[in-house]
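The values are calculated or read from the model by the stated rules, or taken from the named source; none is laboratory data. Because the structure is a prediction, the values reported are computed rather than measured. Reconstructed Cβ throughout: ideal geometry from the backbone, glycine too, with neighbour counts over all protein chains shown. Just so you know, the surface numbers come from the protein's heavy atoms only, side chains and all, with ligands and any DNA or RNA stripped out. Shrake-Rupley method; radii C 1.70, N 1.55, O 1.52, S 1.80 Å.
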Amino acid sequence: MFRLVISDSRAWKNLMAAISTLVEEASFDVKPEGLALRAMDPSHVAMVDFEYPKESFQEYECTEPSKLCLDIGDMLKLMRRVEAGETLELTLDPQTNHLNMKLTGKYKRRFSLPLLQPSVSEVPTPKLTFDAQIKMDADCLNDAITDISNVSDQVKIEADEEKLVLTGLSETGNVVVEFERANQAVLDFQVKGEAKALYGVSFLQDMVKAGAASSKVVSVEFSTDKPVKIDFELPLQGKLTYYLAPRLE
Amino acid sequence: MSGNCQVSYEGRASSTLGWGERLLIIKTDGSVLVHRPEGYEPVNWQPAGCVFQVEVEDEELRIRAARLQPREVLNIFFNRVLHLSTLTLTDEGDFSLYVSEQDMKRAILLAPKLVGEDFRPLTSEKELGAAGFVDVVGEDSEGRLVVVEIKRNPAGREAVRQLQRYIKAVGMRTERPLRGIIAAPSLTREAQALLSREGLEFKPVSLKRCYEVLKFEKTRKLSEFFPE
């Protein structure tokens, strides 16, 4: 038996969009404590780690753990027009093997999505320590990455004890965005020594843009030539974390 | 030849390299490579078809390699020659690379443009029940789901039928419009007819291109960082 109600459907839609930046089919772990999902993109370069505890839902009922796999693209299409204040109810119909969606606002709308065969593979998290951990305003990071994406398809991220620097390298000229530790947009700044790594802009842009729609605060954590962990703060111990592998020089 | 030289290049951009000991290779087709003592890439080069001017001036051996379209000049000036050899080399060998279908799939996931300008991969090795495993499923800029069947040998009618089965299986699970593409070095004549009758597509994907994508791929995999 599985049923949940979300009071802010638009927030849910943004979270689903964030997951869909990496995968088309989402295999959710449904447990009495809440929902979780961990998935890698097809080329195994990026990962999303998502958790939404039962306290984050207006109502949440789950009698036994199971795996629920659905096409997120289809769910997002059905939710294309979602208004402020609409609630979303999701119920599992075991007889038809469908997920029933009910959006309630000015009027009620019902949809249903077929459930797919869940993937069996478990995805571990990368084992990493971080020399640089910087918490900052998510919109500022989004703007910085957008600026860099205009000139380059890769970004060099560097941090020392004074500042975080993002550089987009191109033949015509570099774009350099600097965030000093004292900058208003920086909420917490912990850097041991120095850290420097190169990442693909395309994934980074998708992740940060999607995450910034769901959260105002983002933590960027990395070490030299190691994957970057981008964690978007969600209320009530919810988690939206991305990992992105580095590029070689 | 090798020796102590200085190099300057003028053309689409410009560069200068101060005095240092390097290797210079000039091939019979007029292509030029300057190699520093380390690294596998030349620091300066010119493609085939250069015109050469060589002279000795101010105790320097001055070699100029020039092209016209676009105008590029590479100057290599030696003040000391360590060795010089001229060789007439004959190479009729076949360069064959072994690229498996798995390799082709990895290359496509790393460089989706191989399949199409707006192709975005979503899943690979997707299980479709009785139909089997489809190689890659993605989407295009119009939101259509794109099913890709990869073959390393010329794709024949059986590959087209396989793709048809996958499309049918995928179609049962989604409302989205579908496209089917065979990605292979070539398509047999019989397969071409069947393909167009079924409204499916063919994208030529060369093994060489896949090899290049894999060889020069610069992004690492997250799995390299997983705990043992």
| Going by accessible area, probe 1.4 Å, with all protein chains left in place, what is the ranking of B:ARG12, B:ARG120, largest first? | B:ARG12, B:ARG120
| Gaussian network model of chain A, Cα springs within a sub-10 Å range: biggest mean-square fluctuation belongs to which of A:LYS226, A:LYS77, A:LYS13? | A:LYS77
| Whole-Hz Karplus ³J(HN,Hα) for region B:191-203, in order, using 6.51 cos²θ - 1.76 cosθ + 1.60 and θ = phi - 60°, x for Gly and Pro? | 5, 4, 5, 4, 4, 6, 4, 7, x, 9, 10, 10, 10
| request: With springs only between Cα atoms under 10 Å apart, run a GNM on chain A and tell me which of A:VAL208, A:VAL123, A:VAL165 wobbles the most. | output: A:VAL123
| message | Over chain B, with a Gaussian network built from C-alpha contacts below 10 Å, which listed residue (B:ALA184, B:ALA66, B:ALA131) shows the highest mean-square fluctuation? | response | B:ALA66
| Looking at region A:18-51, which residues lose a minimum of 50 Å² of accessible area between their chain alone and all protein chains in place, measuring with a 1.4 Å probe and not counting ligands or nucleic acids? | A:GLU24, A:GLU25, A:PRO42, A:SER43
| Relative to the present Cα-Cα distance, how much length would full extension add between A:GLU161 and A:GLN237 at 0.36 nm per residue of separation? | 24.4 nm
| remark: Per residue convex hull volume, Cα only, region A:1-43, in Å³ is 80 Å³
| task | May I ask for the distance between the Cα centers of region A:22-47 and region B:71-116, given as a whole number of Å? | result | 40 Å
| request: Express the carbon and sulfur contribution to the solvent-accessible surface of region B:85-198 as a percent, rounded to the nearest whole number, probe 1.4 angstrom. | output: 47 percent
| field | Pair B:LYS168, A:LEU187: separation of 7 Å Cα→Cβ label points (nm) | value | 5.4 nm
| field | Members of region A:113-130 that become less accessible by 30 Å² or more once partner protein chains are added (1.4 angstrom probe, chain alone as reference) | value | A:LEU116, A:GLN117, A:PRO124, A:PRO126, A:LYS127
| Can you give the angle from 0 to 90° between the axis of helix A:9-20 and the longest principal axis of chain A, with both taken from C-alpha atoms, to the nearest 10? | 60 degrees
| task | Between A:ASP8 and A:ASP147, take the C-beta separation as r, use R0 = 30 Å, and let me know the FRET efficiency to the nearest 0.05. | result | 0.50
| Which residues of region B:166-182 show a drop of at least 30 Å² in accessible area when all protein chains are present, compared with their chain alone (probe radius 1.4 Å, heavy atoms only, ligands and nucleic acids excluded)? | B:ARG173, B:ARG176
| Extended-chain gain in nm, criterion 0.36 nm per residue less alpha-carbon gap, B:ARG120 and B:SER223 | 34.9 nm
| query | With every protein chain left in place, what is the accessible area per residue of the protein assembly as shown in square angstrom, probe 1.4 Å? | reply | 53 Å²
| query | Any idea how far apart B:SER15 and B:ARG80 come out in nm if each label point goes 7 Å out from Cα toward Cβ? | reply | 2.4 nm
| task | Using DSSP, restrict attention to beta bridges with both residues in chain B and report what percent are antiparallel, rounded to the nearest 5. | result | 80 percent
| task | Could you work out the Rg to Rh ratio of region A:2-114, with Rh taken as the Kirkwood radius (inverse of the mean 1/r over all Cα pairs)? | result | 0.94
| query | How large, in percent, is the carbon and sulfur part of the accessible surface of region A:132-244 at a probe radius of 1.4 Å? | reply | 42 percent
| said: I'd like the interface area for chains B and A: accessible area of each alone minus the complex, both sides summed, 1.4 Å probe, protein heavy atoms only. What is it in Å² to the nearest 100? | reply: 2300 Å²
| query | In deg cm²/dmol, rounded to 500, what helix-only [θ] at 222 nm does the protein assembly as shown give when every DSSP H run of at least 4 residues adds -39500 (n - 2.57) and the total is split over its residues? | reply | -5500 deg cm²/dmol
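I need the shape label for chain A. Rule: rounded when a/c is under 1.5, else prolate if a/b > b/c, else oblate, with a, b, c from the alpha carbon gyration tensor.
It comes out prolate by the Cα gyration axes.
State whether the protein assembly as shown is rounded, prolate or oblate according to the following rule on the C-alpha gyration tensor (a ≥ b ≥ c being the square roots of its eigenvalues): a/c under 1.5 gives rounded; otherwise a/b larger than b/c gives prolate, and the remaining case gives oblate. Before the final figure, lay out the partial values.
Working: a/c = 2.88, a/b = 1.55, b/c = 1.86.
The shape class here is oblate.
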